[in-house]
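Each reported figure results from applying straightforward, stated rules to the coordinates on display, with no laboratory input. The structure displayed is predicted, hence computed values, not measured ones. FYI the Cβ positions are ideal-geometry reconstructions off the backbone, even for glycines, and counts take in every protein chain you see.
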Amino acid sequence: MANKIKFYHLWSLKNIVSTIVACTLIIIFLVLYYFYPQLSHYYKASKFDAQTTGVVVDINEQSMINQTKMVNKVQVDHFEVKYKYSVNDQVYEQIDKVKGTGLNNKRLQQIWNSDKSIKVLYLSEDPAHSMVELKQ
């Protein structure tokens, strides 16, 4: 048998199954790593049951510096969006952290340069708990 098939020791059922399982786990990990920000945002947004329109008061960019031997790079970690909204004639002012992606940066610039209105999701039983929704 050893002379007829090259690498015959690699063709055992145990090695084939373990390779398939390892490759599947790596692919699942990469997909979850790539989609985690979107999945966590959708999960957080699903907890809120009401929405209203608010006004952006201020947007602060929170940056971080990555230093290596070759280059120092400044990246936007997140944006702190300060906004006001009213529910049942009660005015609320909150600060929400929005992930510092290029798409969020573009959407926040569009909101800031236009009428500064933003969609706010909140809990109907406790309107003080809210988050901004940047989807258009």
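Key figures
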item	result
On Cα atoms only, tilt of 102-113 relative to the major axis of the chain in degrees	10 degrees
Cα→Cβ-extended label distance, 7 Å offset, between Lys116 and Leu39, nm	3.8 nm
Normalised contact order of the chain, rounded percent, pairs of Cα under 8 Å and 6 or more residues apart	22 percent
Förster radius 41 Å - calculated FRET efficiency between Lys14 and Lys99, Cβ distance, rounded to 0.05	0.45
Listed pairs Lys69/Lys99; Lys73/Lys135; Lys82/Lys119; Lys69/Lys97; Lys84/Lys116; Lys82/Lys106 exceeding 19 Å between Cα atoms	Lys69/Lys99; Lys73/Lys135; Lys69/Lys97
Approximate spin-label separation Gln90-Ser46, in nm, with each point projected 7 Å along Cα-to-Cβ	2.7 nm
Mean residue ellipticity (222 nm) of the chain, computed from DSSP H runs ≥ 4 via -39,500 (n - 2.57), nearest 500	-12000 deg cm²/dmol
Mean Cβ count within 10 Å, highest first, over the residues of peptides 20-28, 40-48	40-48, 20-28
Likely footprinting exposure, Met64, Met131, Met70, fewest C-beta neighbours within 10 Å first	Met70, Met64, Met131
In nm, spacing of pseudo-spin labels at Gln67 and Val21 (7 Å Cα→C-beta vector)	4.5 nm
Local net charge near Lys47, Cβ-Cβ under 13 Å (Lys/Arg +1, Asp/Glu -1)	-3
